[in-house]
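The values are calculated or read from the model by the stated rules, or taken from the named source; none is laboratory data. Keep in mind it's a predicted model, so treat the numbers as computed, not measured. Note: ideal-geometry Cβ built from the backbone for every residue, glycine included; neighbour counts use all protein chains shown.
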Amino acid sequence: MSGWTKKEIVERLREPEPASLFAEAAAVRLAVHGRCVHLRALLEIGNICRANCLYCGLRRCNASLERYSLDADTIVETAFRAVKGGFRTVVMQAGEDGGKRPDFMRDIVASIRNFTDAAITLSFGEWPEDAYGMWRQAGADRYLLRFETSNRQLYSRLRPGRTLGQRLSCLEFLRKSGYQVGTGFMVGLPGQTVDDLAQDLLLLHALDPAMAGIGPYIPHPRTPLAGKYGFRKGPDWREDPVLKDCEAADMSLRCLAMARIMNPFLHLPATTALEVALDNGYGRGLSAGANVLMVDVTPSRYNRAYDIYPGREPGKDEDPAELWKRCSSALSALGYAVSDSRGDGKKAAPSLVPESAGTGNYPCSCSIADCG
Ligand code: SF4
């Protein structure tokens, strides 16, 4: 039980002036996580996808997208440079590439595990249980799989052939396999109500994940949802007189703050989608309770093609070490410090790495003397 009712959550999300909501979330964040921010190196290893989600630019039927799949050497070498540059987590993300064999990813995870005790996070969508198990045994620590919406009808409409039940079963299996599980949801889907968002927050709390991504829905022009089915139809909360001017990004900040208040220990990124949709989205996300930033280290010629939604800043092929330093200076100017710990979840399962691995201590196991 969260101790929160749906009605109470709706009331907080509907506050005409959300400043007090953000301040409360920031105070919880400071008390539990201090001033530390965890930087995760994000490597988009391929954009081929067998699924056909109505909102996503990587969907199977988007024939205009140039597809790519990084080879093993490029993935492992980029991960190596990211770790050498200071990142304590490498996140590998891809569409659901049905042509890729699970043992290909197993070998990559094992190769990365060979040279580092940094956390390895995977985000490859839905796979058979033996693939999840194989990757975990090879040394993967975490798995990100957002449930996207807790509204079963909306879920099935947006993800043809898939059900929310299947998604939740995957999450359950991942947890049982010893992964630190990340999940989350989208804010601003056509037809979405404030009640739906309150239900999303309740589901998030019930799942008790280690991490959660909460970000705005950004319409992609080459998807059905941005076409005749959805583009002009915004979320239903816009019909509420209090929320009529509340955009998806503003509502995402409110949801982020609520997620922080309801789940103090959760690792919450200020998402890339938030930065795309909002001026100073990263900074505002951190002020609303986030404590994680994902830093894209994908070689630029590929990250342009990882076109899940429009507006993402193309990469500049900056060396990961330089990127890490640049983020660190920018965060320092805002009063934050980059954590030097892995930033494991509060209930991290034993890592399948040598004794020298990250400790998994909590709240913050970094060695910054005045953190918090
Ligand atoms: S949301 Fe994920 S599974 Fe759906 S089309 Fe996009 S990449 Fe594929």
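Structure notes:
- Scanning segment 44-103 for residues that are in a strand (DSSP E or B), within 16 Å of the ligand (Cβ to nearest atom) and either over 22 Å from the mean Cα position of the chain (by Cα) or not acidic (Asp, Glu) (or both) yields a count of 7.
- Hits in segment 278-295 (condition: surrounded by fewer than 23 Cβ atoms within 10 Å (Cβ to Cβ) and not hydroxyl-bearing (Ser, Thr, Tyr)): LEU278, ASP279, ASN280, GLY281, GLY283, ARG284, MET294, VAL295
- Number of the condition not met by ASN280 [criteria: (1) in contact (Cβ under 8 Å) with a residue 12 or more places away in the chain; (2) on the phi > 0 side of the Ramachandran plot]: (1)
- In segment 133-152, the residue that is nearest to LEU168 (Cα to Cα) out of those that are within 16 Å of the ligand (Cβ to nearest atom) and either among the β-branched types (Val, Ile, Thr) or out of contact with any Cys (no Cβ under 8 Å at 6 or more places or on another chain) (or both) is PHE147.
- Checking PRO209 against (1) at pLDDT 95 or above; (2) in a helix (DSSP H, G or I); (3) of a type outside the set (A, V, I, L, M, F, W, C), the condition it does not meet: (2)
- Residues that are of a type in the set (Val, Ile, Thr) and part of a loop (DSSP other than H, G, I, E, B) were ranked within segment 221-280; the one that is nearest to LEU158 (Cα to Cα) is THR223.
- Selection of segment 297-321 for residues being outside any loop (DSSP other than H, G, I, E, B) and within 16 Å of the ligand (Cβ to nearest atom) yields TYR302, ASN303.
- Inclusion of LEU171 among residues that are in contact (Cβ under 8 Å) with a residue 60 or more places away in the chain and either surrounded by 23 or more Cβ atoms within 10 Å (Cβ to Cβ) or within 16 Å of the ligand (Cβ to nearest atom) (or both) is not warranted.
- Residue check, ALA82 in contact with a Lys or Arg (Cβ under 8 Å, 6 or more places away or on another chain), touching a residue at least 40 places away in the same chain (Cβ under 8 Å) and under 26 Å from ARG326 (Cα atoms): no
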